[in-house]
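Structure first, commentary second.
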Amino acid sequence: IYEGAPSPVAGKPTPVSAERASLPEIFDCLRENKGTAIAAHRGGPYPGYPENAIETMQYNFDRGVRVFEIDIAESQDGVLFLMHDRSLTRTTTGEGFVAEWDWTDLQTLRLRDNNGEVTGFDIPSLSDALEWAVETGAIVELDKKPTTSFANIVSAVEAAGAEDNVIMISYNDDQAFEIARINPDLMMTASAFGGRDIRKLVDGGVNQDSLIAWTGTNEPDFAAWDRVLDEGVEAAFGTLGRPGERLDDTYLADGNGSEFQALVDAGLTLIATDAPLEVAEAINGDDIAAEVCGL
């Protein structure tokens, strides 16, 4: 974490100073100028800052991160909220399955950080997270959990007026087609490694202007990035994963993270990572994103 970085501002979002371009325009700018967006996996947890918490996103936002992947679950009584696991045990002071709790009861719990320490932070609703994103200008990638539906998530996005602050995550072509049927203008990540994959997605109703090509988490596929960039589509890749096995740990083992810059130099537009602040230290693509593309 940045030494000497300013303390987060409790309870208040950090507003953007100027009107932001549309999300497709921002990603076009990133692709055309070799800018890179850093996506903080599960909001970017650090000690004292639990995953899937607005306070955690604000902590990273205050240090320059602008994109946050968060997980969306649904309570027994139909409220959408941020939670990755099916069970409450690991990340909260509660126990049992997420889907068996009402929202009123979920609000009595506190979040635990990744070391298991109880924090003073509550489980946030999706509506509160979307309001925060709109107020700050942040971008949230929404990962649907099995307890909810794309239709319910998109309805919440539209109700919040957050269409230009949201990237939907799909894990297969059918999910991409479903998102496109519900709202074809929402940006989404979908698996694509070249023109053939992109054309299949477009033929299924996906708007190419709203597409970010997801290329996995195992090994960088530089040739695939070239192919999707040639189609006018941005490339995304994840260095996140299981501690000790993820590329985040491999790349940062020598203390300089130069491998992240190699990804930027190869044209990668979106890096999904468990170490957003360390990646920001290692690359210049996020500086381009801020200075040229207004992100």
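Which one of these is in contact with a Leu (Cβ under 6 Å, 6 or more places away or on another chain) and farther than 23 Å from A223 by Cα: A156, A138, A190? Full working, then the answer.
Numbers: A138 fails: in contact with a Leu (Cβ under 6 Å, 6 or more places away or on another chain); A190 fails: farther than 23 Å from A223 by Cα.
Among A156, A138, A190, only A156 is in contact with a Leu (Cβ under 6 Å, 6 or more places away or on another chain) and farther than 23 Å from A223 by Cα.
Against the condition in a helix (DSSP H, G or I), open to solvent by 40 Å² or more (accessible area, probe 1.4 Å) and under 21 Å from G285 (Cβ atoms), how does E32 come out, does it pass? Before the answer, list the steps.
On the way: in a helix (DSSP H, G or I): yes; open to solvent by 40 Å² or more (accessible area, probe 1.4 Å): yes; under 21 Å from G285 (Cβ atoms): yes.
The answer is yes for E32.
Quick one: which helices (runs of 4 or more DSSP H) sit completely within the range 56-160 and have at least 2 residues that are in contact with a helix residue (DSSP H, G or I) (Cβ under 9 Å, 6 or more places away or on another chain), surrounded by fewer than 22 Cβ atoms within 10 Å (Cβ to Cβ) and acidic (D, E)?
Working: elements: 103-106, 126-136, 150-160.
Result: 126-136.
Being among the aliphatic types (A, V, I, L, M) and part of a loop (DSSP other than H, G, I, E, B) is the filter; apply it to the range 233-244 and report the residue that is farthest from the chain's Cα centre (by Cα).
Here the residue is V233.
If you check every pair at least six apart or on different chains, which have Cβ atoms under 9 Å apart with a residue in the range 241-267 that is without any contact (Cβ under 8 Å) to a residue 40 or more places away in the chain first and a residue that is part of a loop (DSSP other than H, G, I, E, B) and among the charged types (D, E, K, R) second?
So the pair list comes out as G241/D274; P243/D274; R246/D274; L247/E219; D248/D274; D249/D274.
Does any residue of the range 201-220 turn out to be closer than 21 Å to G64 by Cβ, touching a helix residue (DSSP H, G or I) at 6+ places or on another chain (Cβ under 8 Å), open to solvent by less than 60 Å² (accessible area, probe 1.4 Å) and not charged (D, E, K, R)?
Step one: filter the range 201-220 for residues closer than 21 Å to G64 by Cβ, giving 212.
Cutting the leftovers down to touching a helix residue (DSSP H, G or I) at 6+ places or on another chain (Cβ under 8 Å) gives us 212.
Among the residues that remain, those that are also open to solvent by less than 60 Å² (accessible area, probe 1.4 Å) are: 212.
In the following step, the residues that additionally are not charged (D, E, K, R) were identified as 212.
Yes: one or more hits.
Give the residue that is nearest to R42 (Cα to Cα), with candidates limited to residues of the range 255-278 that are in contact with a Lys or Arg (Cβ under 9 Å, 6 or more places away or on another chain) and acidic (D, E).
Across the range 255-278, the extreme among qualifying residues is D274.
Listed here are the residues, each with its yes/no results for (1) surrounded by fewer than 23 Cβ atoms within 10 Å (Cβ to Cβ); (2) over 18 Å from the mean Cα position of the chain (by Cα); (3) acidic (D, E).
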{"site": "R246", "(1), (2), (3)": "yes, no, no"}
{"site": "A253", "(1), (2), (3)": "yes, yes, no"}
{"site": "N256", "(1), (2), (3)": "yes, yes, no"}
{"site": "L268", "(1), (2), (3)": "no, no, no"}
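Give the range 161-177 a look and list any residue that's open to solvent by less than 10 Å² (accessible area, probe 1.4 Å) and part of a strand (DSSP E or B), or say none.
Correct list: V166, I167, M168.
When the residues of the range 273-289 are filtered to those that are open to solvent by 10 Å² or more (accessible area, probe 1.4 Å) and within 20 Å of V233 (Cα to Cα), which remaining residue is nearest to the chain's Cα centre (by Cα)?
For the range 273-289, the residue satisfying everything is D286.
Yes or no, residue by residue, for (1) more than 15 Å from the chain's Cα centre (by Cα); (2) hydroxyl-bearing (S, T, Y); (3) modelled with pLDDT of 95 or more:
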site: T92; (1), (2), (3): yes, yes, yes
site: G96; (1), (2), (3): yes, no, yes
site: L130; (1), (2), (3): no, no, yes
site: K145; (1), (2), (3): no, no, yes
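Could you run through the range 179-209 and say how many residues are of a type outside the set (S, T, Y) and under 28 Å from R20 (Cβ atoms)?
20
The values are calculated or read from the model by the stated rules, or taken from the named source; none is laboratory data. The model shown is predicted, which means the values in this text are computed figures rather than measured ones. In this analysis, Cβ positions are derived from the backbone assuming ideal geometry, glycine residues included, and neighbour counts consider all displayed protein chains. Note: areas computed on protein heavy atoms with side chains; ligands, DNA, RNA excluded. Shrake-Rupley method; radii C 1.70, N 1.55, O 1.52, S 1.80 Å.
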